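As structure tokens, the structure follows; a few thoughts come after it.
The values are calculated or read from the model by the stated rules, or taken from the named source; none is laboratory data. Note that this is a predicted model, so its numbers are computed, not measured. Here the Cβ positions follow ideal geometry from the backbone for every residue, glycine too, while neighbour counts run over all protein chains shown. All accessible areas refer to the heavy atoms of the entire protein, side chains included, with ligands and DNA or RNA removed. Shrake-Rupley method; radii C 1.70, N 1.55, O 1.52, S 1.80 Å.
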Amino acid sequence: MSWWHDAVFYEIYVRSFADSNGDGVGDLEGIRARLPYLRELGVDAIWLTPFYPSPGADHGYDVSDYVDVDPLFGTLDDFDALVRDAHALDLRVIADIVPNHSSREHPWFRRALAHPSGPDRARYVFRPGRGDGPPNNWPSNWGGPAWTKDEASGEWYLHLFAPEQPDLDWHTKQVRDDFDDILRFWLARGIDGFRIDVAAALYKDATLADELEPFPESKFSTDWRRAVDQPEVHDVYRNWRRMTGDEKVLVGEVVFSDPARMTPYLRDDELHMAFNFTLLFQAWNADGIRDAIDRSIAALADVAAPPTWVLENHDVTRLPTRYGGGAEGLRRARAAALLLLALPGPAFLYQGQELGLEEVDLPDEVRQDPIFHRMKGVRKGRDGCRVPLPWENGPPGFGFTTGEPWLPIPAEWTEKTVERQRADAQSVLALYEQALAERPTGDFAWRESPRGTLVFTRGELTCAVNVDGGPLPLEGNAVVASEPMSRLLPPGAAVWLE
Ligand code: NOJ
């Protein structure tokens with residue numbers, strides 16, 4: 001079994017983890033200085049969100065140079081030093097790769113605009129309109145049409161996200177060749193793998209057929225689109241898998257509500273893993289959680305890839321808030337941590353999850369997410385889960401920065417800092433540290449348990465989660481518990497027993 005089959009990955013949202021130079025934005029040197037924290041926490045690998053040169057229209061998910069570091073975050077030397085130090089601490093490093101779209105500022109796109117009959121035009125999807133309107137009815141994931149008119153040529157270009165993020169045309173060989181080189185560049189620098197952004201969407205239906213209307217209101221942005229999830233994409237991943245082998249990993253952001261639709265991406269010669277968001281989109285409800293787990297495991301029965309488990313990331317509302325907020329939301333989030341880390345397969349943590357941070361209700365004036373601006377505030381966007389980490393002390397910098405953080409850190413987080421939580425054996429951080437140290441291996445099997453509760457074994461260890469049932473009598477010795485408890489497990493709590 002390779003290292004990643006049961007690894008715990010820790011997502012670092014680079015802007016918000018640690019700032020070394022006082023400009024209020026996190027950077028690579030800041031991360032390097034905090035690596036010992038991650039070692040002590042007990043994770044196996046870090047995933048860095050995009051740190052490449054970018055105008056920042058979508059905070060790095062709009063790349064203008066795929067083989068360099070944005071000066072905001074440091075230099076290539078800083079990157080090399082970070083990888084070296086991480087490896088010395090036995091931490092693997094994976095980087096986000098954004099192949100679906102580039103920035104509008106990428107030289108490829110600038111040249112494509114400047115020379116409509118030049119070779120760069122074919123890297124993107126430029127098409128004549130239909131009458132006065134765009135070529136078809138495809139909507140952007142963030143509101144409005146997925147097409148913007150290039151006034152100079154009169155043609156429209158495709159962008160499934162913001163207009164600043166033109167989609168690349170993967171039918172064009174040059175695009176495929178360029179990404180082979182980009183992967184090789186980072187692999188040669190010692191990276192341990194890639195997280196692939198919007199992995200199911202690289203190829204769009206070449207006929208550009210209209211989507212069926214009305215468009216569903218779905219949390220799963222690609223679920224209903226017939227234009228994506230095209231068969232050609234699998235050859236890309238077969239090729240990339242040949243480049244990474246089995247020790248370096250490809251983790252796809254393949255987002256479908258039915259986990260069975262992920263399976264083709266996880267065939268033995270394609271991606272090693274895909275994010276499985278079934279738990280993340282599941283409310284705190286025992287039957288729903290059990291069903292999400294069963295469907296996730298069943299979907300992968302015929303491939304070697306393990307199911308993965310995710311409760312938070314930089315795109316979704318923080319877990320304690322989703323579970324109702326306040327003391328009750330936090331209790332449930334603590335219990336969910338023991339569920340997450342007992343399930344079979346890799347788990348992905350998002351920075352600050354280990355501190356039990358809640359979503360921050362930011363004032364509109366400081367919000368930066370293009371979703372907020374494009375949707376005119378109808379959707380608040382993702383800034384509330386991207387507030388920088390509170391390391392120590394208090395406002396404004398909390399040890400994150402010596403300057404002004406790019407998003408304000410709430411004064412109440414003085415109680416939630418790493419420093420405070422380290423000194424408290426009952427803190428969320430202490431719980432994560434214990435759970436990561438005691439994380440079970442071994443076969444997974446459900447045990448019978450009363451309604452509202454979930455009980456399963458992993459080898460010698462039993463994990464009991466009381467979601468919304470009556471008090472559950474416990475047998476065995478508690479190894480890790482989500483809160484102090486007697487022999488009865490109350491609803492909203494979990495324990496590992498031996
Ligand atoms: C998914 C990323 O996680 C998200 O942050 C980004 O905005 C979109 N892909 C577009 O790149």
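Selection over region 256-267 of residues that are in contact with a helix residue (DSSP H, G or I) (Cβ under 9 Å, 6 or more places away or on another chain) and part of a loop (DSSP other than H, G, I, E, B) gives a count of 3. Taken over region 326-358, the criterion of being over 20 Å from HIS314 (Cα atoms) and part of a loop (DSSP other than H, G, I, E, B) is satisfied by ALA342, LEU343, PRO344, GLY345.
Across region 37-47, the qualifying residues are those that are open to solvent by 10 Å² or more (accessible area, probe 1.4 Å) and in a loop (DSSP other than H, G, I, E, B), and the one among them that is farthest from the ligand (Cβ to nearest atom) is GLY42. Would you check if VAL254 is in contact with a strand residue (DSSP E or B) (Cβ under 6 Å, 6 or more places away or on another chain) and either open to solvent by less than 30 Å² (accessible area, probe 1.4 Å) or β-branched (Val, Ile, Thr) (or both)? Yes, satisfied. For first residues located in region 346-373 and closer than 18 Å to PRO405 by Cα and within 15 Å of the ligand (Cβ to nearest atom), partners that are of a type in the set (D, E, K, R) and open to solvent by 10 Å² or more (accessible area, probe 1.4 Å) and lie 6+ apart or on another chain with Cβ distances below 7 Å form the pairs ASP369/ARG382.
Residues are listed down the side, and each one gets a yes or a no for (1) touching a strand residue (DSSP E or B) at 6+ places or on another chain (Cβ under 7 Å); (2) under 23 Å from LEU311 (Cβ atoms):
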site	(1), (2)
GLY22	no, no
ASP27	no, no
TYR37	no, yes
ILE46	yes, yes
ASP62	no, no
VAL69	no, no
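Does THR457 fit the bill of being part of a loop (DSSP other than H, G, I, E, B) and either in contact with a Phe, Trp or Tyr (Cβ under 8 Å, 6 or more places away or on another chain) or of a type in the set (Ser, Thr, Tyr) (or both)? Here the answer is no, as THR457 does not meet what is asked. Picking from residues in region 27-36 that are open to solvent by 10 Å² or more (accessible area, probe 1.4 Å) and not aliphatic (A, V, I, L, M), the one that is farthest from TRP406 (Cα to Cα) is PRO36.
Kindly check whether there is at least one residue in region 406-413 that is touching a strand residue (DSSP E or B) at 6+ places or on another chain (Cβ under 9 Å), in contact (Cβ under 8 Å) with a residue 60 or more places away in the chain and part of a loop (DSSP other than H, G, I, E, B). No, the conditions are met nowhere in region 406-413. I'm trying to understand the selection: among the residues of region 48-100, which are within 17 Å of ASN21 (Cβ to Cβ), assigned to a helix (DSSP H, G or I) and open to solvent by 30 Å² or more (accessible area, probe 1.4 Å)? Once the filter is applied, which keeps residues that are within 17 Å of ASN21 (Cβ to Cβ), assigned to a helix (DSSP H, G or I) and open to solvent by 30 Å² or more (accessible area, probe 1.4 Å), region 48-100 yields LEU76, ASP77, ASP78.
Picking from residues in region 270-321 that are open to solvent by 10 Å² or more (accessible area, probe 1.4 Å) and within 16 Å of the ligand (Cβ to nearest atom), the one that is farthest from TYR350 (Cα to Cα) is PHE281. Do we have ARG238 as free of Cβ contacts under 8 Å to residues at least 40 places away in the same chain, farther than 25 Å from VAL83 by Cα and open to solvent by 20 Å² or more (accessible area, probe 1.4 Å) here? It is true that ARG238 is free of Cβ contacts under 8 Å to residues at least 40 places away in the same chain, farther than 25 Å from VAL83 by Cα and open to solvent by 20 Å² or more (accessible area, probe 1.4 Å). Answer yes or no as to whether PRO231 is open to solvent by less than 20 Å² (accessible area, probe 1.4 Å), more than 15 Å from the ligand (Cβ to nearest atom) and either touching a residue at least 12 places away in the same chain (Cβ under 8 Å) or under 22 Å from ILE97 (Cα atoms) (or both). When the stated conditions are applied, PRO231 does not pass them.
Among the conditions (1) out of contact with any Lys or Arg (no Cβ under 7 Å at 6 or more places or on another chain); (2) within 16 Å of the ligand (Cβ to nearest atom); (3) among the small types (Gly, Ala, Ser), the only one that GLY143 does not satisfy is (1). For region 182-223, a residue qualifies if it is of a type in the set (A, V, I, L, M), closer than 27 Å to TYR10 by Cβ and touching a residue at least 12 places away in the same chain (Cβ under 8 Å), and the qualifying residues are ILE182, LEU183, LEU187, ILE191, ILE196, VAL198, ALA199, ALA200, ALA201, LEU202.
Restricting LEU461, LEU472, LEU489 to residues that are aliphatic (A, V, I, L, M) and surrounded by fewer than 20 Cβ atoms within 10 Å (Cβ to Cβ) narrows the list to LEU461.
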